[in-house]
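The values are calculated or read from the model by the stated rules, or taken from the named source; none is laboratory data. Bear in mind the structure is a predicted one, so any value in this text is a computation, not a measurement. Don't worry about glycine lacking a Cβ; one is built from the backbone with ideal geometry, like all the others, and counts go over all protein chains shown. Surface accessibility is based on the protein's heavy atoms, side chains included, excluding ligands, DNA and RNA. Shrake-Rupley method; radii C 1.70, N 1.55, O 1.52, S 1.80 Å.
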Amino acid sequence: MYNSEQRKVEQEHEEEKKQQFLDQVKEILKDEEMELSPPEYLAEFTEVYEQYFGTQTAFDPLKRHFNDLMLSKEQEIKQRIEDSEDPIVTAVQAAQAGNYIDYIALGEIDSEQLENLLFNNGIKGLKPEVYQSFRQDLASAQSLVYVTDNCGEIVVDKILIQELKKLYPHLHVTVIVRGAGVANDASMEDARQVGMPDVANVIGNGTRIAGTSMKRISHEAREALNGADVIIAKGQGNYETMSGCGLNVYYLFLCKCDFFVEKFKSEYLEHMFIKER
């Protein structure tokens, strides 16, 4: 029979595992040669965590929920885009707004806030000179690589890609998702759930980093990025890992933490559309 002595032994074992986990994390942080971005450190910590506590799957039902939620809004979003003066502008804004679906950064998703960001965002976050450059680059581009970020959000990514292909039918689009499960980030499973393979070629990046580390991603993903005429990268994690890469990247995200608000002198949840070069 399960008794208090067994319970005590199990608790002591759990405490020992926690301490071993924390000790390894401290060792990683002390390694000055690593010089990793926050998403890369998170991947290192996750790998160590799973050595002691098993594979993390807690986000899987949550991801399916938000994919389904955004799929239920898909036709309404598309109609708003079709009715707008500039469908590409409106589709870009919807893709930015979808970046709100992020449990890691925000802790909780407010459905009313999500609706407001999706349908009442005005013309925020689109500097005319960046948007003009974006359109000019696409007009002469043969290839676009779209680097996704979160579950749910991937639905509005798909919608933006569809709008771009309407205007630029010659454009070959490759979508990059995470190579394995990482928190609420979009994986191949999420891409299939929302129908992304129906509109673009979809590949994994070969890692479970919550971003796109050019040194660590697969050869296939690196080759796609290096050969792309235009790249769209979603989310803060992709900005943190790709910024400075020198490729023709346009970053789309919402400022969801104090660091980014301060860095860009922006407001909380402000739409960002930034050109790398």
query = For region 214-262, what number results from the quotient of the Cα radius of gyration and 2.2 N^0.38 Å?
reply = 1.23
Solvent-accessible area per residue for region 60-275 (1.4 angstrom probe, square angstrom) = 41 Å²
query = How about region 184-277: which GluC sites (Glu not before Pro) there lie in a loop by DSSP and see at most 14 other Cβ atoms within 10 Å?
reply = Glu267
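Give me the extension gain from Glu108 to Cys257: residue separation times 0.36 nm, minus the current Cα-Cα distance, reported in nm with one decimal. It would help to have the intermediate numbers written out before the result.
Numbers: separation 149, 0.36 × 149 = 53.64 nm, distance 1.36 nm.
In short, 52.3 nm is gained.
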key: Partner lysines for Lys26 [C-alpha distance under 16 Å; skip if fewer than 8 residues away on the same chain]   = Lys17, Lys18
ask   = Near the amide H of Asn201, under 5 Å away, which other amide H atoms are found, from residues 5 or more places off or on another chain, if H is placed in the peptide plane?
value = Val173, Val175
message = Check which residues have an amide H placed less than 5 Å from Ala233's amide H, if you skip close sequence neighbours.
response = Val147, Tyr250, Tyr251, Leu252
Cβ-Cβ FRET estimate between Phe264 and Glu15, R0 fixed at 30 Å, reported to 0.05 = 0.10
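Among the DSSP beta bridges whose two residues both lie in region 151-277, what percent are antiparallel, rounded to the nearest 5?
On the way: 5 of 13 bridges.
The antiparallel fraction comes to roughly 40 percent.
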task = Rank these by accessible area, largest first, 1.4 Å probe: Arg277, Arg64.
result = Arg277, Arg64
inquiry  = Run the numbers for Gln136 and Glu27: contour at 0.36 nm per residue of separation, minus the present Cα-Cα distance, in nm.
reply    = 34.5 nm
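What does the convex hull of the Cα atoms of region 60-275 come to per residue, in Å³, rounded to a whole number? Before the final figure, lay out each step's value.
On the way: hull volume 23.8 nm³, N = 216.
In region 60-275, the Cα hull volume divided by residue count equals 110 Å³.
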Cross-link table Lys158/Lys234; Lys165/Lys256; Lys63/Lys263; Lys158/Lys275; Lys234/Lys256; Lys73/Lys166, entries beyond 18 Å C-alpha to C-alpha = Lys165/Lys256; Lys63/Lys263; Lys158/Lys275; Lys73/Lys166
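FRET efficiency for Lys165 and Glu5, Cβ-Cβ distance as r, R0 = 45 Å, nearest 0.05? Walk me through the numbers before you get to the answer.
Values: r = 65 Å, r/R0 = 1.45.
It comes to 0.10.
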Fraction of accessible area attributable to carbon and sulfur, region 60-275 (%, probe 1.4 Å) = 48 percent
message = With both bridge residues required to lie in region 60-275, what share of the DSSP beta bridges run antiparallel, to the nearest 5%?
response = 25 percent
ask   = Between region 250-268 and region 202-239, what's the alpha-carbon centroid distance in Å?
value = 21 Å
